[in-house]
Amino acid sequence: DVLSDLGVIWGYEDGTFGPDNTVERWHMSLWIAKMETGRTSTDDYLTVWRAEENYTDFTDVAVDQAIGAINYAADEDIIIGTTPTTFAPTAGITYQDALTMVVRALGFGGKAMDAGYPWKYINKAAELGLEDGLSGIAYKDVLTRAQTAQILYNALYTIDADGKSYISDVFGLTTVVITGTP
């Protein structure tokens, strides 16, 4: 609900979310680009993330696969291709690759982390709490929309390498925790 309210993840035209549907690599790129920038409106989708004038070095990406978001994620070193010129946008996003993308988006990537792929990213994701609320998923499994939403939800509240969080610094919301005693 939070991700939907913020416009990061949309449901389907029939009003459903499809929690058990699998997530493709281009979807993950789009959702992370939206979280990074706060550009989540329908207008942003059409004029920024899916605009025909966008360009990417990946030869297998179509405009309707959010080419602008893929280009953004590549420029920000959040994603790399399956080769220097291909991205495999319609392949399912694996658990280890989703965690890697989010850890990179949070500013914890780099050559040292890349040299230890995927385990350095998986370990950092666990340290950051990105796996909270998830269990029983093998790292090479393709994620569902519900599983991916949980990772992104966790990322909303995670403090990045610069000491910022998406929830407050991108979306301008604050979190208040109220505790009570009997």
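The values are calculated or read from the model by the stated rules, or taken from the named source; none is laboratory data. What you see is a predicted model, and the numbers here were worked out from it, not measured in a lab. Cβ sites come from the backbone with ideal geometry, for glycine too, and all protein chains shown count toward neighbours. For the accessible areas, the whole protein counts, side chains as well, though only heavy atoms, and no ligand, DNA or RNA atoms are used. Shrake-Rupley method; radii C 1.70, N 1.55, O 1.52, S 1.80 Å.
Taken together, Thr100, Thr158, Thr83, Thr144 contain a single residue that is among the hydroxyl-bearing types (Ser, Thr, Tyr) and more than 17 Å from the chain's Cα centre (by Cα), which is Thr83. Would you say Thr144 is closer than 25 Å to Asn54 by Cβ, of a type in the set (Val, Ile, Thr) and at pLDDT 95 or above? Against the criterion (closer than 25 Å to Asn54 by Cβ, of a type in the set (Val, Ile, Thr) and at pLDDT 95 or above), Thr144 does not qualify.
If you scan the range 29-73, which residues turn out to be closer than 12 Å to Ala105 by Cβ and open to solvent by 20 Å² or more (accessible area, probe 1.4 Å)? Of everything in the range 29-73, those that are closer than 12 Å to Ala105 by Cβ and open to solvent by 20 Å² or more (accessible area, probe 1.4 Å) turn out to be Glu36, Thr37, Tyr72.
Within the range 100-146, being open to solvent by 30 Å² or more (accessible area, probe 1.4 Å), under 21 Å from Asn21 (Cα atoms) and assigned to a helix (DSSP H, G or I) holds for one residue alone: Ala146.
If you filter the range 74-98 down to residues that are aliphatic (A, V, I, L, M) and outside any loop (DSSP other than H, G, I, E, B), you find that the one that is surrounded by the fewest Cβ atoms within 10 Å (Cβ to Cβ) is Ala74.
Looking at Glu13, is it in contact with a helix residue (DSSP H, G or I) (Cβ under 8 Å, 6 or more places away or on another chain), open to solvent by 70 Å² or more (accessible area, probe 1.4 Å) and of a type outside the set (Phe, Trp, Tyr)? No, not satisfied.
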